[in-house]
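Heads up: the structure comes next, in structure tokens.
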Amino acid sequence: MDNILEIRNVSKKFVSKNKEILALDNVTFDVKYNEFLSIVGPSGCGKSTLLRLIAGLEKPTSGEILMEGRRIEGPGAERGMVFQQYSLYPWRNVLNNVAFGLEVRGIPKRERYEIARRFIKMTGLEGFEEAYPYELSGGMQQRVAIARTLANDPKVVLMDEPFAALDVQTRTILQHELLKIWEKEKKTVVFVTHSVEEAIYLSDRVIVMTARPGRIKDIIPIDLPRPRKRDSLEFLEYKRRIVNILKDEVLKSYNMYKCSTMG
Amino acid sequence: MNFRKIVMPLFGLALWELLAIWLNNPVVLPPVEEVIKVLINPNLSILGTGTLLENTLVSIKRVLSGFILAGAVGVPLGILMGYYPVIMDLFDIVIELLRPIPPLAWVPLALAWFGIGETSMLFIIFIGAFFPILLNTIAGVKGVPKILIEVAQTLGAKEMDILLKVIIPGSLPSILTGLRIGAGIAWMCVVAAEMLPGSSAGLGYLIMYAYSLSRMDVVIACMIIIGIIGLLLDRGLRYIEDRCFKWKRYLIR
């Protein structure tokens, strides 16, 4: 078996007061072991919801998600998640943020600090062990969040637009470092982004989703050697292709937005 | 110290002194120096009721007892109410109904239940301090961002870890604010409680007793001490708040 995750006919409906919103409609795909998989789609297409379903933070309305053949019933340490922003514990310094998962899983202090320090080093945070989140820039905070998730040694790393709030330079550096870590640690990554370029740069495969209700429109394997050059012809060709697939969907979601705000 | 800040206090003192001299009636307004004389001799027995210092300590002890009791009940109950909807549903209406009743409205019942004496005073102080502590604790627990709980869950934290390592540390700043407000109200309540019949010591008692003997210098000296202690209490807790919870701003944005 070479699929770590199987998403089977998953739909998710949100019910609020007198409205029902179908966020995901019959989504099916697999994630292979050690794969770097990205999900792109127009805003509001349910890509974050999909990630939260895999994390076990939400339950599907219908369908099921299997991890290594077992149905996911709730959150668990084998599926770590990096959120978009501000997810650090502000009362804990960097070291204790990174060691949090190990702490709640009962790893002795000396050992968990040793592990935490290794990941602090790996994410380029050396020297900031004692710093508190409010003393760090957005990029540094996101490094801590990534280190915290990785230090917990999950089999699957779920990343929900982790670099969306960062400036272009920081984002580029972190993408590069994430790939290095991924290659070294042999993890499975499911990465949600709205940046086509980011998805192509990072992923083995890119899933393109439709506007709401979110369905899978296409799955595109990126057959380029790493490190990838963002200005190579092949890269730009992939980008053109995916942007084309996305264009109609972005337009649809824009019109939906216009209707809902003007109507 | 900024000079502008002491202009009004000095002006007030001068006005007081001039008025006192003009009135020449210490039963209405004693001159400043008479009050100072009482304040700088805190070990002098006053009117046969013990010294100013002794009475102050009696009041402080009462406040501490009532306040600690209110914290010991209010903080845990607030955490449980904020975290477990079931407990919130059980207590919510009772608390909402009792909360607007001023502590002093409880006096007759307190006297009927606990008799004249320490227990009644403790009860009044407890009532005064309890609600701000409880409500701020609940608000603190509810104010812990959902994402911090979800992060813990995806890191493998169990229910108890989330309570101990996320909810409680995350609500500490708000709990401390509740304690600070509660302490202020407790301090006001003790003075009022000591004015009740049957009281025989404390600053509140001393004020009423000095009043009955027309010793306004003692009355004003007691009032000044009450003000200073209240201020120190508030500043002290605020200092801890600012020092320990620099990260609070991070949570708010």
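The values are calculated or read from the model by the stated rules, or taken from the named source; none is laboratory data. Since the model is a prediction, treat every value here as computed from it, not as a measurement. Quick reminder, even Gly has a Cβ in these numbers, built from the backbone with ideal geometry, and neighbours come from all protein chains shown. These accessible areas exclude ligands, DNA and RNA; they are computed on the full protein's heavy atoms, side chains included. Shrake-Rupley method; radii C 1.70, N 1.55, O 1.52, S 1.80 Å.
Tabulated values for the structure
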item: Top-ranked residue of segment A:118-153 - restricted to ones that are among the hydroxyl-bearing types (Ser, Thr, Tyr) and buried (at least 19 other Cβ atoms within 10 Å of the Cβ), ranked as farthest from A:Gly76 (Cα to Cα); result: A:Tyr132
item: Residue satisfying condition, being within 30 Å of A:Asn93 (Cα to Cα) and either in contact with a Gly (Cβ under 8 Å, 6 or more places away or on another chain) or open to solvent by 30 Å² or more (accessible area, probe 1.4 Å) (or both), within set B:Ile224, B:Ile168, B:Ile228, B:Ile220; result: B:Ile168
item: Residue in segment B:200-217 that is least open to solvent (accessible area, probe 1.4 Å), counting only those that are of a type in the set (S, T, N, Q) and in a loop (DSSP other than H, G, I, E, B); result: B:Ser214
item: Residue that is surrounded by the most Cβ atoms within 10 Å (Cβ to Cβ), among those in segment A:81-99 that are more than 20 Å from the chain's Cα centre (by Cα) and of a type outside the set (Val, Ile, Thr); result: A:Ala99
item: Failed criterion for A:Leu251 (all others in (1) free of Cβ contacts under 8 Å to residues at least 24 places away in the same chain; (2) under 12 Å from A:Ser38 (Cβ atoms) hold); result: (2)
item: Qualifying residue in segment A:154-172 (condition: open to solvent by 10 Å² or more (accessible area, probe 1.4 Å) and more than 30 Å from A:Glu237 (Cβ to Cβ)); result: yes
item: Residue check, B:Ile116 touching a Pro at 6+ places or on another chain (Cβ under 7 Å), open to solvent by 30 Å² or more (accessible area, probe 1.4 Å) and not aromatic (Phe, Trp, Tyr); result: yes
item: Residue in segment B:130-142 that is part of a helix (DSSP H, G or I) and open to solvent by 80 Å² or more (accessible area, probe 1.4 Å) present; result: yes
item: In segment B:150-188, residue modelled with the lowest pLDDT [restricted to those that are part of a helix (DSSP H, G or I), facing chain A (nearest Cβ under 10 Å) and in contact with a helix residue (DSSP H, G or I) (Cβ under 6 Å, 6 or more places away or on another chain)]; result: B:Pro173
item: Pick from segment A:68-84, criterion assigned to a strand (DSSP E or B) and within 14 Å of chain B (Cβ to nearest Cβ), ranking: nearest to A:Leu166 (Cα to Cα); result: A:Val82
item: Given (1) open to solvent by 10 Å² or more (accessible area, probe 1.4 Å); (2) farther than 18 Å from B:Val73 by Cβ, index of the condition B:Ile185 fails; result: (2)
item: Subset of segment A:34-55 [more than 23 Å from A:Lys252 (Cβ to Cβ) and touching a helix residue (DSSP H, G or I) at 6+ places or on another chain (Cβ under 8 Å)]; result: A:Phe36, A:Ala55
item: Residue within segment A:154-171 that is polar (S, T, N, Q), more than 20 Å from B:Asp161 (Cβ to Cβ) and under 14 Å from the mean Cα position of the chain (by Cα) present; result: no
item: Subset tally (residues that are assigned to a helix (DSSP H, G or I) and open to solvent by less than 10 Å² (accessible area, probe 1.4 Å)) for segment A:182-225; result: 4
item: Filter result for the condition that a residue is touching a Cys at 6+ places or on another chain (Cβ under 8 Å) and within 25 Å of B:Tyr209 (Cα to Cα), over B:Leu52, B:Leu23; result: B:Leu52
item: Any hit, segment B:14-31, residues being crowded, with 17+ Cβ neighbours inside 10 Å, part of a helix (DSSP H, G or I) and either touching a helix residue (DSSP H, G or I) at 6+ places or on another chain (Cβ under 9 Å) or at pLDDT 95 or above (or both); result: yes
item: Residues within segment A:36-72 that are among the charged types (D, E, K, R) and closer than 19 Å to A:Asn3 by Cβ, tallied; result: 4
item: Hits in segment B:42-61 (condition: out of contact with any strand residue (DSSP E or B) (no Cβ under 8 Å at 6 or more places or on another chain), of a type outside the set (A, V, I, L, M, F, W, C) and either at pLDDT 90 or above or not in a loop (DSSP other than H, G, I, E, B) (or both)); result: B:Glu54, B:Asn55, B:Thr56, B:Ser59, B:Lys61
item: Filtered residues of segment A:92-133 (kept if within 11 Å of chain B (Cβ to nearest Cβ) and charged (D, E, K, R)); result: A:Arg92, A:Glu103, A:Arg105
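Per-residue answers, yes or no, for (1) part of a strand (DSSP E or B); (2) within 14 Å of chain B (Cβ to nearest Cβ); (3) hydroxyl-bearing (Ser, Thr, Tyr):
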| residue | (1), (2), (3) |
| --- | --- |
| A:Arg8 | yes, no, no |
| A:Ser38 | yes, no, yes |
| A:Gly44 | no, no, no |
| A:Lys59 | no, yes, no |
| A:Leu66 | yes, no, no |
| A:Tyr86 | no, yes, yes |
